[in-house]
Amino acid sequence: MVTEILVVVFIAALLGYIIFLHIQLAKKNIFIESTVRRPSGIEKSWNAEEMMRFLLEMKKVSYYSSFFTDKLFEEKPMRFLLENEKDVKIYIHYTKEENDAKNILKEGFRFADSFYKTALPVTNDKLDLLIKHNGRKSFGKYLIILCLSDKIVDHYSAELNKKGLKSYFVENVLTVAPPFRNENADIVYQLSNKFVKGFINYQTGEITRNPDYDPLYDSPVFEKNLELLKQKNLN
């Protein structure tokens, strides 16, 4: 009788171990698929320091475990992130401190030279979002959501083309504060806080909304910005 019980316990333990191995294998397969897929445009522009940070992060065991425990892909955060996706351009940015995230909601999103250095475009393509999130989440647990109406983007893209300002992007126009040079001599722009939808703590799933959010916001200042860019381009 004791022998039979031991055999049953052994078989149960063996089955449990087999299931555990299958789960680990599935995790590794998903991770490998996400990291070897062709990198998106923003990853191609990473400098050596950013790439090294990503590679070091990959080595951490916590990285693999958190990959499966993030709350970002739960229903509420995903619905908040992607709602009205057909009518707006959506971008994400990561920051470490909650106070920094709150300041972005109040003051707007600052970027040096190019908006696309730190803002990732996302769509309803879940696998693409997963890859981008997996590659950038080490920069902070607070995911800032930036949204620009397609109408606003189309209008100011056309205006930039009309004025021959092909070296500038719409995001360089949609600023309410004058651009300035930082300590590295980079030109810093500040996207209006109207285009900041809010932020998500992807570790807890907590959502913070921006009461001033308006993706259709259009200010007379934007037209002045176009003229300033045109004058600068002529000099």
Considering only residues that are crowded, with 19+ Cβ neighbours inside 10 Å and either in a strand (DSSP E or B) or aliphatic (A, V, I, L, M) (or both), which ones fall in the stretch 75-94? 81, 88, 89, 90, 91, 92, 93, 94
Among the residues of the stretch 213-235, count how many are in contact with a strand residue (DSSP E or B) (Cβ under 9 Å, 6 or more places away or on another chain), of a type outside the set (Val, Ile, Thr) and open to solvent by less than 70 Å² (accessible area, probe 1.4 Å). 6
Exactly one of (1) out of contact with any strand residue (DSSP E or B) (no Cβ under 9 Å at 6 or more places or on another chain); (2) open to solvent by less than 10 Å² (accessible area, probe 1.4 Å); (3) assigned to a helix (DSSP H, G or I); (4) not small (Gly, Ala, Ser) is unmet by residue 103. Its number? (2)
Can you find a residue that is closer than 17 Å to residue 200 by Cα, surrounded by fewer than 20 Cβ atoms within 10 Å (Cβ to Cβ), under 13 Å from the mean Cα position of the chain (by Cα) and of a type in the set (Ser, Thr, Tyr) anywhere in the stretch 108-117? no
Filtering the stretch 154-197 down to residues that are among the aromatic types (Phe, Trp, Tyr) and in a strand (DSSP E or B), which residue is least open to solvent (accessible area, probe 1.4 Å)? 189
Report yes if some residue within the stretch 122-139 is at pLDDT 95 or above and open to solvent by 70 Å² or more (accessible area, probe 1.4 Å); otherwise report no. no
Residue check, residue 109 modelled with pLDDT of 95 or more and closer than 24 Å to residue 226 by Cβ: yes
Please determine, by comparing only the residues of the stretch 74-98 that are basic (Lys, Arg) and without any contact (Cβ under 8 Å) to a residue 60 or more places away in the chain, which one is farthest from residue 137 (Cα to Cα). 86
Just one listed residue, out of 85, 98, is more than 15 Å from the chain's Cα centre (by Cα) and more than 14 Å from residue 191 (Cα to Cα), and it is 98
Which of the residues spanning the stretch 198-235 are closer than 25 Å to residue 144 by Cβ, without any contact (Cβ under 8 Å) to a residue 60 or more places away in the chain and in a helix (DSSP H, G or I)? 221, 225
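The values are calculated or read from the model by the stated rules, or taken from the named source; none is laboratory data. None of these values were measured; they are calculated from a predicted model. Note that each Cβ is placed from the backbone with ideal geometry, even for glycine, and that neighbours are counted across all protein chains shown. Accessible surface areas use protein heavy atoms only, side chains included; no ligands, DNA or RNA. Shrake-Rupley method; radii C 1.70, N 1.55, O 1.52, S 1.80 Å.
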